Amino acid sequence: MIKISVCRRGGEPLSLTAKEGENFMHLLRDSEAGVEAICGGACSCATCHVYVGQQWLEKLPPQCDQERDMLGDMLFSRPDSRLACQIHLTADLDGIAVEVAPPEG
Amino acid sequence: MADAVIIGAGQAGIQAALSLRAMGFDGRVRLLGDEAAAPYQRPPLSKGFLLGKVAESELLLRSAHALSGQAIEWLGQTRVRRINRPGRSVETDTQRFSYDALIIATGGRAHRPEIEGASLQGVETLRSIDDALRIRSELAPGKRLVILGGGYIGLEVAAASTQAGCKVVVVEGASRVLCRVAPPALSQFFEKEHRARGVEIELSSTISRIVGTDGKVSAVELESDRVLPADIVLLATGLIANDELAVTAGLPCNRGILVNEWAATEDPRIFAIGDVAVQYHAQTQAWVRMESVANAVWQGKMAASCVTSSPPPLPELPWFWSDQFDIKLQIAGLSHPEDEIILRGDPGDAKFCMFTARNGVLTSVSAVNSPGEFLVAKRLVAARRDLPLAALRDRSVALKQYLLD
């Protein structure tokens, strides 16, 4: 099992566990993390935006063009921003701590 | 204790259920779906799912675990036959569910035009997982597919089946594709891109009859007398609202259930949301039935806020997305064919934003392969304020700049 700590928008912590290979957005959406995931993973809505912490960035799969394009123009993106729908969880992400980013509106 | 019943377990229904819980509703929430499959997303059915790139498990709107965790009782294969308004209950053939609040989210079904031969084997419509599985099993290199209707579904299936090696002809009655949703210049872009990838498009044309051999489709005849050989015919001519339960229950309907800005029907205990709802928009003073995920989500939240006396969701611009071949289209706002066009970027390199404006105010944006600019542009359109419209053409100035001006 992969352990994940989530900081929700209000600041409350949430601990989750995931199976190897699970889509990160699915995990957040199905929990009480407050992630809407309106487009269901089509890289169209930006509602699964999370801050992953600099130390985890290099363990994550590279961004595709669409994700890079979106993060480049989002109001609340940071260097450690990712769209959770583009990440499948792997064993080396065990212990990852993420923060749910503010909604883009 | 109050109990809520939601008829229809699609995007709108599940959103209403989740929002009821998020807004503190503590009665029973029953989500009644007529399909066997657990609540799922429909948009991928005409895109990645047809190509086998999206698995059935990835279509789920929420896991069973997530639903039970929220005490949402999803009941599949549960077809409601009647709404008993005086008795405040809904009835299936074998069960009866009482409600204090009823949310109708019955969606729609594919329109089937009355064409000779439409009941032949191989003539399909696409709305459900079962439809998509059936069509997917037929797609193979060299198969000939004729699609009636050049809207989102028609073009998305044209793209997916071309990628699967099929030979595709799209027959559209209007003089351009995407005529209900896109400005004319954008229609021309999509016609060009589809043709460049081998899709044949017949505009201002319609099918006069479908011909078969041994009960199976073999060709379609156009009104121009042209005959197109076909192994599969997809009828993609729009959606019929499933409003029969409401009509029978005496609720005002007109090709959908009439609701006000709050998703409320004239019965204070009954709401209607999603593809089945025809909502009055005060700003445009028009009745609109909006077929989109974003609308289903927003109306689901709205109905839940009324039931729980919670603050309503913030107003949201209508928005849509489509993926065809390697082209991502996102549209926000509603345009009129006569609106002014402001083009940012070059359609020649398939990455641009097409704004429309009326009387100097932005009405919509269509973003092609520009998901980042789309998010900013959507805010600009929603703001409805004075902008230097001509300056939007200049890509050396970031769109974000205009959010602050």
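Any read-out appearing in this document is the output of simple, stated calculations on the displayed coordinates, not a laboratory observation. This is a predicted model, so every value here is computed, not measured. Methodologically, a virtual Cβ is constructed for each residue, glycine included, from the backbone with ideal geometry; neighbour enumeration extends over all protein chains shown.
Which whole number gives the average, over all residues in B:293-302, of C-beta atoms from other chains lying within 10 Å of the residue C-beta?
Mean partner-chain Cβ count within 10 Å for B:293-302: 2.
Rounded to the nearest 5, what % of DSSP beta bridges with both residues in chain B are antiparallel?
If we restrict to bridges inside chain B, about 60 percent are antiparallel.
Strictly greater than 17 Å: what percent of every Cα pair in the range B:123-235 meets that?
52
Could you list B:Ser89, A:Ser44, B:Ser309 in order of exposure, starting from the residue whose Cβ has the fewest other Cβ atoms within 10 Å?
Ordered by Cβ neighbours within 10 Å, fewest first: B:Ser309, B:Ser89, A:Ser44.
Quick one: the Cα spread of the protein assembly as shown along its three principal axes, in angstroms, biggest first?
67, 63, 51
In peptide B:320-331, how many Cβ atoms from other protein chains are near each Cβ within 10 Å, on average?
Average per residue, whole number: 2.
Let a ≥ b ≥ c be the square roots of the eigenvalues of the Cα gyration tensor of chain A; is it rounded (a/c under 1.5), or, if not, prolate (a/b larger than b/c) or oblate?
Rounded, since a/c falls under 1.5.
Take chain B, mark every one of the GluC sites (Glu not before Pro) that falls in a DSSP loop and has at most 14 other Cβ within 10 Å, then report the longest stretch left between them, sites excluded.
Result, exposed sites excluded: B:1-113.
Only Cα pairs within less than 10 Å get springs; with that Gaussian network setup on chain B, which residue of B:Leu314, B:Leu239, B:Leu251 has the largest fluctuation?
Maximum among the listed residues: B:Leu314.
Which residues in the range A:65-90 have a backbone N closer than 17 Å to a point placed 7 Å from the Cα of A:Gln55 along the Cα-to-Cβ line?
A:80-81
Please go through the range B:246-293 and write out the trypsin sites (Lys or Arg not before Pro) that DSSP classes as loop and that have at most 16 other C-beta atoms within 10 Å.
Those that pass, being in a loop and sparsely packed, are B:Arg255, B:Arg269.
Please compute the Cα-Cα pair-distance distribution of the range B:326-404 with 10 Å bins starting at 0, giving whole percents from short to long.
Distribution as computed: 20, 60, 20, 0 percent.
Please give me the summed charge of the neighbours of B:Asp100: other residues whose Cβ is under 13 Å from its Cβ, Lys and Arg +1, Asp and Glu -1.
Taking every Cβ under 13 Å from that of B:Asp100, the sum is +2.
Roughly what % antiparallel, to the nearest 5, for the DSSP beta bridges in the range B:1-117?
In the range B:1-117, approximately 35 percent of DSSP beta bridges are antiparallel ones.
If you look for lysine pairs in the protein assembly as shown that are eight or more places apart or on different chains, how many of them have Cα atoms under 19 Å apart?
18
Answer rounded, prolate or oblate for the range B:52-118, using the Cα gyration tensor with square roots of eigenvalues a ≥ b ≥ c: rounded when a/c is under 1.5, else prolate when a/b is larger than b/c, else oblate.
Because a/c hits 1.5 or more and a/b fails to exceed b/c, the range B:52-118 counts as oblate.
Enumerate the calculated ³J(HN,Hα) couplings along the range B:89-94 in order (Karplus 6.51 cos²θ - 1.76 cosθ + 1.60, θ = phi - 60°), each rounded to whole Hz, writing x wherever the residue is Gly or Pro.
So the Karplus estimates, Gly and Pro as x, are 8, 10, 10, 9, 5, 10 Hz.
For the range B:295-350, report the % of Cα-Cα distances exceeding 18 Å.
58
Find how much the distance from B:Asp349 to B:Asp394 grows on full extension, using 0.36 nm per residue of separation minus their present alpha carbon separation; answer in nm with one decimal.
14.6 nm
Separation of the range B:62-137 and the range B:208-241 by C-alpha centroid, Å?
27
When you look at the Cβ of every residue in A:67-74, what mean number of other chain Cβ atoms sits within 10 Å?
Partner-chain Cβ atoms within 10 Å, mean over residues of A:67-74: 5.
In Å, what is the Rg of the alpha-carbon atoms in chain B, and how long is Dmax?
22.1, 67
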